[in-house]
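See structure below.
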Amino acid sequence: MQIERLSAWNDQGDQPLIIAGPCSAETEEQLFNTATELYNNGIRIIRAGVWKPRTRPGTFEGIGEDALQWIQNIKKKLDVKFAIEVANAQHVELALKYGIDILWIGARSTVNPFTIQEIADALKGNDVPVFVKNPLNPDLALWIGALERLNQAGITKLGAIHRGFSTSKKVKYRNLPQWQIALELKRKYPEMPMICDPSHIAGDRELIQSLSQKAMDLVYDGLIIESHINPAEAWSDAAQQVTPAALKEILESLVIRKSNTDNPEVQNHLAEMRERIDEIDREIFDTLAERMKIVDQIGEYKKDNKVTVFQVNRYKEMMQARTEWAEDLNLNQEFMENIFSLIHDAAIRRQTLIMSETESKA
Ligand code: PEP
Ligand code: MN
């Protein structure tokens, strides 16, 4: 993909790109007051949902074109850019007609290649910046496919927004972050600006600060955060929006660490510690190879003595012991259980293979 660096089209120095504003434009007054307070707190790009994809019909589905007029009016008074969501060709046409500065594609649209193609076709010949939110489901190829469709339509000011992935489980977050999916996108396309949407990951304003810090620690290029003049009264996503003042506090609290340093002393020390990590990883691999050898021997022995591969009691005892070891060693239990169940699965697979080899020989 041919993608422009963020710094080529947005003048933010070495600061993260910050987009903030209400989930939805509700009234001209709400939008103007929110934008003004955000502007006074240093925000220069305002988000606002103009068309809202809602799960159930009969709820507030956005103001539509009138809100675009409000945005034009506000831009005459405040020196800000506006970002809005587009979900079809008509939205694109109207957004461009009203001079919207940045577009984004919502998670419910990214899942549908027909929708993305329609939007891409409507954008042909324009060079407006477009951000693509991850699809609802954790499918990296679908996310990349949407970015490719826009890129092929000539959009080079392109970026990705990580807003988390739908889950039916009752968990801390409204949407599971699954950070590794966004990091994998960044590994494949290092030049792709990646911004984090902690609001839609969290679903809860109390979690915005820690998610934003995490995104900064993972070297994201920016944040898009929902902010409303009166969050409790918001017409959509009330629980996750923060006031402009709270947003300012969150942003001021963030520690922005550098991913690279020119200091040779720091570089040397990091290199030494990484060498040690490489050694330890090699030891882990050697130990695993050793373990698999024993697994194979046990497999042969089970085969000779007509004993089943899987032994439920043994598995329960093993898991129990390893959970205790994790606790003793101050390792996250769930993490160790995941690793161990992968190792156990691989062992079972090897022994099953040994058994079937016997049968075919017999
Ligand atoms: C939004 O940004 O308000 C929105 C609808 O987000 P998402 O597409 O991530 O659900
Ligand atoms: Mn929202």
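The values are calculated or read from the model by the stated rules, or taken from the named source; none is laboratory data. Predicted, not measured: the structure shown is a model, and the values here were computed from it. Using ideal geometry, Cβ is built from the backbone for each residue, glycine included, and neighbour counts are taken over all protein chains shown. Areas reflect the complete protein model, heavy atoms only, side chains present, ligands, DNA and RNA absent. Shrake-Rupley method; radii C 1.70, N 1.55, O 1.52, S 1.80 Å.
Taken over the range 253-278, residues that are open to solvent by 90 Å² or more (accessible area, probe 1.4 Å), without any contact (Cβ under 8 Å) to a residue 24 or more places away in the chain and part of a loop (DSSP other than H, G, I, E, B) amount to 3.
Condition check ((1) at pLDDT 95 or above; (2) surrounded by fewer than 21 Cβ atoms within 10 Å (Cβ to Cβ); (3) assigned to a helix (DSSP H, G or I)) across all residues:
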{"position": "PHE60", "(1), (2), (3)": "no, yes, no"}
{"position": "GLN69", "(1), (2), (3)": "yes, yes, yes"}
{"position": "ALA83", "(1), (2), (3)": "yes, no, no"}
{"position": "GLN90", "(1), (2), (3)": "yes, yes, yes"}
{"position": "ALA95", "(1), (2), (3)": "yes, no, yes"}
{"position": "GLY125", "(1), (2), (3)": "yes, yes, no"}
{"position": "PRO135", "(1), (2), (3)": "yes, no, no"}
{"position": "ALA141", "(1), (2), (3)": "yes, yes, yes"}
{"position": "GLY159", "(1), (2), (3)": "yes, no, no"}
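For the range 170-245, the helices (runs of 4 or more DSSP H) that sit wholly inside it and include 1 or more residues that are crowded, with 21+ Cβ neighbours inside 10 Å, in contact (Cβ under 8 Å) with a residue 60 or more places away in the chain and within 15 Å of ligand 2 (Cβ to nearest atom) are 198-202.
So that you can scan it fast, the table gives a plain yes or no per residue for (1) under 24 Å from PRO193 (Cα atoms); (2) free of Cβ contacts under 8 Å to residues at least 40 places away in the same chain; (3) open to solvent by less than 50 Å² (accessible area, probe 1.4 Å); (4) in contact with a Phe, Trp or Tyr (Cβ under 6 Å, 6 or more places away or on another chain):
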residue: GLY13; (1), (2), (3), (4): yes, yes, no, no
residue: ILE19; (1), (2), (3), (4): yes, no, yes, no
residue: GLU37; (1), (2), (3), (4): no, no, no, no
residue: ASN40; (1), (2), (3), (4): no, no, no, no
residue: ALA48; (1), (2), (3), (4): yes, yes, yes, no
residue: LYS52; (1), (2), (3), (4): no, no, yes, no
residue: PRO57; (1), (2), (3), (4): no, yes, no, no
residue: GLU65; (1), (2), (3), (4): no, yes, no, no
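Screening ASN330 against (1) modelled with pLDDT under 95; (2) polar (S, T, N, Q); (3) in a helix (DSSP H, G or I) leaves a single unmet condition, (3). The residues in the range 309-327 that are open to solvent by less than 70 Å² (accessible area, probe 1.4 Å), in a helix (DSSP H, G or I) and of a type in the set (A, V, I, L, M) can be counted, and the count is 4.
Annotation note: Cβ proximity below 7 Å between a residue of the range 103-130 that is within 16 Å of ligand 2 (Cβ to nearest atom) and a residue that is among the basic types (Lys, Arg) (sequence gap 6+ or interchain) occurs for TRP104/LYS133; ILE105/LYS133; GLY106/LYS133; ALA107/LYS133; ALA107/ARG163; THR110/LYS133.
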